Amino acid sequence: MGNCCRSPAAVAREDVDSFHHHHGSGGGAGAGAGGGKNHHHHSKRLVVLKNGAGDFPGGIDDKYLLDRELGRGEFGVTYLCMDRDTKELLACKSISKRKLRTAVDVEDVRREVAIMRHLPRNPSIVSLKEACEDESAVHLVMELCEGGELFDRIVARGHYTERAAAAVTRTIVEVVQLCHRHGVIHRDLKSENFLFANKKENSPLKAIDFGLSIFFKPGERFSEIVGSPYYMAPEVLKRNYGPEIDIWSAGVILYILLCGVPPFWAETEQGVAQAILRGLIDFKREPWPSVSENAKDLVQKMLEPDPKLRLTAKHVLEHPWLQNAKKAPNVPLGDVVKSRLKQFSRMNRFKRRALRVIADHLSTEEVEDIKDMFKVMDTDNDGIVSYEELKNGLTKFGSHLVDSEVQMLIEAVDTSGKGKLDYGEFVAVSLHLQRMANDEHLRRAFSYFDKDGNGYIEPEELREALAEDGATDSMDVANDILQEVDTDKDGKISYDEFVAMMKTGTDWRKASRHYSRGRFNSLSIKLMKDGSLNLGNE
């Protein structure tokens, strides 16, 4: 059975070695994706997990019964599944090999599996039962978490207090400490990546997604911009960071837990980036005046702009507010916090649904077109597009960007710092320009919700779409979303209102390899209607 029956430690070591061998240190996006030469032509022979090639020759159904869809990321679909022998209910994340378009994509999946195998078993981390593959996909079979997302659970509770926020924070920071001790930076800590194991009141909270995590050595720095905008540390935006970024993200979650809104907020992604770099934290609005001084002190120290001065996981866990968590105020933080949390988590749910529609509809033709465009632009056929080639090529394809903007585009994706783009990076730029310059993708997502095609998403249409997503409270969710998105208050969502929502504070991973991985919810380079270019970081 290939990988599925070998010792996890042996596999982790092998995969980690292979990862460092391929990438060297620093894990740059460009590494190993040389100029399209590693492009996998949907080959049935693609082996992702080394010895795992023939784990399930007849498909995963040999051993597991896959049931309904539980969730969908930009790369994989998670299904409820049952072990045919033991009848145990599990979750199976299936990553389609068709989406693994470059050597870097394959490395990313290997690394996610290697990290999950490498981290010790812990009640606060979802456990990987096995990783295996068949001809069409790589499957990660994990324990099932049925208790729902972190913020949704809090909103559903009648009584929510500082004491409850302290318990959640302790779990999150213990996960960070465990990762750092074992040489892993999580890089994508956010509320959606924490699920409750079950519906019981005392259910454990578990970290569930290591798709952006990376191995690090002491002192090693990284430059890839990854993560979600609200939770991103300033040094990520400055493209020079280490493990300290996880404490910042945990600090953002703590701030939201205590007041219901993110600490750095703006109408646009650039605005969010600027707010993060300014680093001013508001402790004046409700409910902060009634929050304990100890809690505020911890938030301040986790959101310290200088990573050298920021608390480590150990120091956070030793902070008086967490040491005396049982003595933290048990006074409800109030309805305002709960209603804000509700809004925040529901909005994200709607956006994630829309972004999925966009990702699902990116056709093979579009990817093939990009490949052809790369060949046309790469005039000297060296498998790399230089600054000059990109500039001339963009003019040829009708995109009128001034020199400084082409330069910025290259800088945004050129992780090797050579001032040139390899195939994987080129895919990133092209998808981005395409997605922004041509709002066909947003139109397509809009019409997915606008079932009767009358130009508006009505409450019932919104409710149906969210119900398809498994929301049991879809009527309430739809009402909350309408409140927020329907700016002219006519009781429905117009296309312009939909676009405005999609373009504010969306998840944003820099146009880097994550685009070529099919991570389309990162719209940080905005090609404005007048053709000018706006970059989502300073």
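I'd like to know if segment 242-249 contains one or more residues that are modelled with pLDDT under 90 and part of a helix (DSSP H, G or I). Looking for residues that are modelled with pLDDT under 90 and part of a helix (DSSP H, G or I), one finds none in segment 242-249, hence no. Looking at segment 121-221, the strands (runs of 3 or more DSSP E) lying wholly inside it that each contain 3 or more residues that are over 27 Å from Met232 (Cα atoms) and of a type outside the set (Asp, Glu) sit at 128-133, 137-143.
For segment 272-304, the set of residues classified as at pLDDT below 95, assigned to a loop (DSSP other than H, G, I, E, B) and either acidic (Asp, Glu) or over 22 Å from Lys326 (Cβ atoms) (or both) consists of Gly279, Leu280, Ile281, Asp282, Phe283, Lys284, Arg285, Glu286, listed by residue number. For segment 71-116, taking the residues that are within 18 Å of the chain's Cα centre (by Cα) and assigned to a loop (DSSP other than H, G, I, E, B), the one that is modelled with the highest pLDDT is identified as Leu100. Being touching a strand residue (DSSP E or B) at 6+ places or on another chain (Cβ under 8 Å), assigned by TED's automatic domain parsing to the domain that holds Ser94 and surrounded by 21 or more Cβ atoms within 10 Å (Cβ to Cβ) is the requirement here; does Arg111 meet it? Criteria met by Arg111.
Here's the yes/no breakdown for (1) in the same structural domain as Phe210 (by TED's automatic domain parsing); (2) of a type outside the set (A, V, I, L, M); (3) surrounded by fewer than 22 Cβ atoms within 10 Å (Cβ to Cβ); (4) closer than 18 Å to Gly211 by Cβ:
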| site | (1), (2), (3), (4) |
| --- | --- |
| Lys87 | no, yes, yes, no |
| Ile95 | no, no, no, yes |
| Pro120 | no, yes, yes, no |
| Glu133 | no, yes, no, yes |
| Ala137 | no, no, no, yes |
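Only one entry of Ala478, Ala445 meets the criterion of being closer than 30 Å to Val106 by Cα, surrounded by 20 or more Cβ atoms within 10 Å (Cβ to Cβ) and at pLDDT 70 or above, and that entry is Ala445. In the set Gly271, Gly219, Gly227, only one residue is crowded, with 24+ Cβ neighbours inside 10 Å and not assigned by TED's automatic domain parsing to the domain that holds Val485; that residue is Gly227. If you go through segment 261-271 and keep only what is touching a Gly at 6+ places or on another chain (Cβ under 9 Å) and either modelled with pLDDT of 85 or more or not in a helix (DSSP H, G or I) (or both), you end up with Pro262, Pro263, Phe264, Trp265, Ala266, Glu267, Thr268.
The values are calculated or read from the model by the stated rules, or taken from the named source; none is laboratory data. No experiment lies behind these values; they were computed from the predicted model shown. Positions of Cβ are backbone-derived with ideal geometry, glycine not excepted, and every protein chain shown enters the neighbour counts.
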